[in-house]
């Protein structure tokens, strides 16, 4: 006789549908602000975490990665892929799911989709960095690359910094049209541009987010004047960059985890000794961020596991006593922990 699973066997699971319902229930901009707060709280206790560069499996068509970390009480990881060719086949470039577990028992306490959640946490991290590094009063952003991340980046900057205008450019005009349409009635003025030079005109924040896995030059050195903050989020693997080397020579560069960023970020173009500042040190006051109006600050963001851990913590806290999750029968729970075979036999 097959018995119903016990409570110990059940793990909360947040599907894509329930994640979308949760976002609408909380409110997108409220959720972006909340995620920013969770991520900043974890950055401020950075030294408590296990830290390792993501484990990547590269192929000719893309990459599949695992991103693990733990604060000693909870353990989290994210599975994520990056396949730029997918859009030409009607598929997402990036998909992801994640798991949070209790370190004391090793039991999972949450399984969730993270395709949407990664877009939200990436945007929240960008806005957190911009709040610390961008010129005071920055209210205009150039969004270079108008794919799946662009709307989230824009609305996070609105929610956290009070962004008033976004200037859009993409080599694919249809992507720009899509982004402009989605940002209608969102409280941000949208300007569509035909060149990247036009997009950065008057912008204090320059965000680059392109998908091609190549050493590209989305921003040339002569395009970037003094006093701006660059949010470079497209580079996320070896052999993929977006900025001319000359920009890095003139900028103060801030990173998540140097050991990972030197492999995957814009600074893979630079010598191993190229100086960088870790963002957590700015947030805790251990290091300086922006020090002058003329300074160029660059957040060389590749995405790090602690950001996903923060997002997993947030979802775990938000779904309690709600209808925005299902319970999956994931864990074997025999009456006698030593008698897994007996449990199997009794199910016959």
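The values are calculated or read from the model by the stated rules, or taken from the named source; none is laboratory data. Fair warning: this is a prediction, and the values are worked out from it, not measured in the lab. Positions of Cβ are generated from backbone atoms using ideal geometry, with glycine treated the same way; all protein chains shown enter the neighbour counts.
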Checklist entry - Does residue 69 fit the bill of being in a helix (DSSP H, G or I) and touching a helix residue (DSSP H, G or I) at 6+ places or on another chain (Cβ under 7 Å)? => result no
Checklist entry - Among the residues of region 96-118, which ones are assigned to a loop (DSSP other than H, G, I, E, B) and crowded, with 18+ Cβ neighbours inside 10 Å? => result 114
Checklist entry - Do we find that residue 79 is out of contact with any helix residue (DSSP H, G or I) (no Cβ under 9 Å at 6 or more places or on another chain) and either in a strand (DSSP E or B) or closer than 25 Å to residue 291 by Cα (or both) in this structure? => result yes
Next on the checklist: If I go through region 12-64 residue by residue, how many of them are modelled with pLDDT of 95 or more, in contact with a strand residue (DSSP E or B) (Cβ under 6 Å, 6 or more places away or on another chain) and buried (at least 18 other Cβ atoms within 10 Å of the Cβ)?
Outcome noted: 5
Checklist outcome for this item: Within region 27-51, the count of residues that are in a helix (DSSP H, G or I) and under 19 Å from the mean Cα position of the chain (by Cα) comes to 17
Next on the checklist: If I filter region 199-219 for residues that are assigned to a helix (DSSP H, G or I), touching a residue at least 12 places away in the same chain (Cβ under 8 Å), surrounded by fewer than 21 Cβ atoms within 10 Å (Cβ to Cβ) and not assigned by TED's automatic domain parsing to the domain that holds residue 28, do I get at least one hit?
Outcome noted: no
Checklist entry - Would a scan of region 129-137 turn up a residue that is assigned to a helix (DSSP H, G or I), in contact (Cβ under 8 Å) with a residue 12 or more places away in the chain, over 22 Å from residue 235 (Cα atoms) and within 17 Å of the chain's Cα centre (by Cα)? => result no
